[in-house]
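Beneath this line is the structure, given in structure tokens, with notes to follow.
The values are calculated or read from the model by the stated rules, or taken from the named source; none is laboratory data. Keep in mind it's a predicted model, so treat the numbers as computed, not measured. For neighbour counting, all protein chains shown are included, and Cβ atoms are generated from backbone atoms with ideal geometry for every residue, glycine included. Side chains are part of the model used for accessible areas, which takes the heavy atoms of the whole protein and leaves out ligands, DNA and RNA. Shrake-Rupley method; radii C 1.70, N 1.55, O 1.52, S 1.80 Å.
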Amino acid sequence: MGIPEVRPIPRHIAIIMDGNGRWAKQRGLPRMEGHRQGVEAVRRVVRHCAELGVEHLTLFAFSSENWRRPAEEVGFLMGLFRMMLQREVARMHRNGVRLTVIGDRSRFDAELQALIARAEAKTAANTKICLNIAANYGGRWDIVQAMNRLTSKHPERAGGYTEAELQAELALGWAPEPDLFIRTGGEQRLSNFLLWQLAYTELYFTDMLWPDFREEALDEAVRSYQCRERRFGRTSEQLAASP
């Protein structure tokens, strides 16, 4: 693996947005209200990442395991996703946001799949920031589908693929790997998110629930990242001696 350039501002931030339901419960509100407020937090974070100069922001919106939630909540989340694609894409386009959706789309209905495709096409040329929404996504699925694509393209080379070739087939194979991973809500695990891509990412966990995550909280996470020594297998002495 080549050693990535280390910058004061992460090129790529990945976030698990946890705590919407608990935020609502603490206030005696339905879980769905927590998800609505979570969308407001997404707007704030996308805007502030663009202001900071972050190039890629990947948000874990719906995991492949989230289908196990109550049918009413799953239906609400799908509706919220559909609403976002209908109402927010024009604003994203005006603000230079490129939208991509990563994950297995086959379980989404035809209308939702069409909305995703139109949103990606409309914003494809934008360069201010790339917002990647992980929906019906799982890290294990990502690795398996990458390997399946490799074996389909080059069956004659089975057993001889390189890491670089596999990485190129991943859902975010075209993007730099995340520099900073943030998880809100107090849990400290990856939950099957970007398992390959997070190998050398700096991890940041906070007890703050996602709807409360504001610009100041993002700044704090970035400051924590700036205090880390990113060695990528090297020693501190080697880092000190490098130009």
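Within segment 96-131, the set of residues being charged (D, E, K, R) and surrounded by 12 or more Cβ atoms within 10 Å (Cβ to Cβ) comprises Arg98, Asp104, Arg105, Arg107, Arg118, Glu120, Lys122, Lys128. All conditions in (1) open to solvent by less than 10 Å² (accessible area, probe 1.4 Å); (2) touching a helix residue (DSSP H, G or I) at 6+ places or on another chain (Cβ under 7 Å) hold for His93, with the sole exception of (1). Given the structure, is Ile143 surrounded by 15 or more Cβ atoms within 10 Å (Cβ to Cβ) and over 29 Å from Met32 (Cβ atoms)? Yes: the conditions hold for Ile143.
When Arg82 is tested against the conditions (1) more than 30 Å from Glu202 (Cβ to Cβ); (2) modelled with pLDDT of 95 or more, the lone failure is (2).
Does segment 55-69 contain any residue that is of a type in the set (Asp, Glu) and touching a helix residue (DSSP H, G or I) at 6+ places or on another chain (Cβ under 8 Å)? Checked segment 55-69: no residue is of a type in the set (Asp, Glu) and touching a helix residue (DSSP H, G or I) at 6+ places or on another chain (Cβ under 8 Å).
Residues in segment 41-90 that are open to solvent by 30 Å² or more (accessible area, probe 1.4 Å), outside any strand (DSSP E or B) and touching a strand residue (DSSP E or B) at 6+ places or on another chain (Cβ under 6 Å): Ser64 only. Among the residues making up segment 161-195, those that are within 17 Å of Gly138 (Cβ to Cβ) and among the aromatic types (Phe, Trp, Tyr) are Phe181, Phe193.
Please find, within segment 21-32, the residue that is most open to solvent (accessible area, probe 1.4 Å) out of those that are modelled with pLDDT of 95 or more and under 17 Å from Met208 (Cα atoms).
Residues of segment 21-32 that are modelled with pLDDT of 95 or more, as a first pass: 22-29.
Add one more test, that the residue is under 17 Å from Met208 (Cα atoms), and what stays is 22-27.
Details: Arg22: 96, Trp23: 28, Ala24: 0, Lys25: 163, Gln26: 134, Arg27: 107 Å².
Checked segment 21-32; the qualifying residue most open to solvent (accessible area, probe 1.4 Å) is Lys25.
Within the set Arg183, Arg189, the sole residue that is surrounded by 18 or more Cβ atoms within 10 Å (Cβ to Cβ) and among the charged types (D, E, K, R) turns out to be Arg183.
Going by what's in this entry, would Asn132 be described as modelled with pLDDT of 95 or more and under 20 Å from Gly38 (Cα atoms)?
Numbers: modelled with pLDDT of 95 or more: yes; under 20 Å from Gly38 (Cα atoms): yes.
When the stated conditions are applied, Asn132 passes them.
Of Ala164, Ala171, which residue is open to solvent by 20 Å² or more (accessible area, probe 1.4 Å), farther than 20 Å from Cys49 by Cα, in a helix (DSSP H, G or I) and small (Gly, Ala, Ser)?
Numbers: Ala171 fails: in a helix (DSSP H, G or I).
It is Ala164.
Going through (1) open to solvent by 20 Å² or more (accessible area, probe 1.4 Å); (2) hydrophobic (A, V, I, L, M, F, W, C); (3) not in a helix (DSSP H, G or I) one by one, Ile13 falls short only on (1).
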